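Let me begin by presenting the structure, written as structure tokens, before commenting on it.
The values are calculated or read from the model by the stated rules, or taken from the named source; none is laboratory data. Bear in mind that the values here come from a model prediction, so they are computed numbers and not experimental data. A quick note on method: Cβ atoms are made from the backbone with ideal geometry, for glycine too, and the neighbour counts reach across all protein chains shown.
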Amino acid sequence: MALAAFSNSALLFNDGAEKAVISSIFYNSDKLEQIAFHVRADDFYNETHKLIFKAMVSLYEKRENIDPITVFEEVSKYVSKNQLLIKKDLINLPDYLDSLSVYLPTDRTINVYAKIVKEQSVRRSILNVSKELNDYISDSTKSINEIVEESQQKILSIELDYSSKNLYHA
């Protein structure tokens with residue numbers, strides 16, 4: 001498989017790492033608690049991966065089995081409540097869940113992949129904040145003190161989120 005399939009730094013996400021994290025939970029659902037301590041559903045770039053991870057966490061909290069069938073059922077509940085995926089995507093979801101089995105992470109690499117997902121999420125957050133700050137800076141009614149304070153608050157928010165969930169032992 002080509003490296004391009006695993007990484008797209010221009011878009012600040014790594015599809016292969018996201019798939020590997022999800023796949024690792026299918027193979028060992030006990031790893032979910034460890035992964036969920038560091039990675040949230042919102043850290044996934046791919047919307048389908050967000051829903052899958054959310055479903056896995058929900059199943060884990062209910063102490064239910066985590067496998068492609070139960071995850072599909074849980075995602076279906078989210079979709080019917082929130083209309084998050086179009087019907088076509090939901091129909092293809094079982095095949096997609098099965099396709100994740102090609103990503104066979106080891107216990108050692110699970111943390112590495114989770115760290116990649118989290119770090120890419122932080123990079124996207126920083127990029128979004130920089131865009132917001134660019135607009136804020138362009139507002140001539142804002143004083144330099146207001147701009148500096150707003151900048152510090154936004155960066156501190158990202159820093160606190162990242163440092164509280166940092167993967168030290170990846």
Considering only residues that are closer than 13 Å to residue 28 by Cα, in a helix (DSSP H, G or I) and among the hydrophobic types (A, V, I, L, M, F, W, C), which ones fall in segment 98-122?
110
How about segment 124-143: which of its residues are in contact (Cβ under 8 Å) with a residue 40 or more places away in the chain and either out of contact with any Leu (no Cβ under 8 Å at 6 or more places or on another chain) or closer than 13 Å to residue 155 by Cβ (or both)?
127
Residue count for segment 30-50, restricted to those that are at pLDDT below 90 and of a type in the set (S, T, N, Q):
1
Given the condition modelled with pLDDT under 90 and surrounded by 10 or more Cβ atoms within 10 Å (Cβ to Cβ), answer yes or no: does some residue in segment 68-76 qualify?
yes
Can you tell me how many residues within segment 142-161 are more than 16 Å from residue 127 (Cα to Cα), among the charged types (D, E, K, R) and either modelled with pLDDT under 90 or over 30 Å from the mean Cα position of the chain (by Cα) (or both)?
2
Given the conditions (1) over 29 Å from residue 128 (Cα atoms); (2) at pLDDT 90 or above; (3) touching a Pro at 6+ places or on another chain (Cβ under 7 Å); (4) not aliphatic (A, V, I, L, M), every one holds for residue 23 apart from (1)
Select from segment 123-146 the residues that are small (Gly, Ala, Ser) and outside any helix (DSSP H, G or I) and list them in ascending order.
140, 143
Scan of segment 16-65 for residues that are buried (at least 21 other Cβ atoms within 10 Å of the Cβ) and not in a helix (DSSP H, G or I), ordered by number:
39, 44
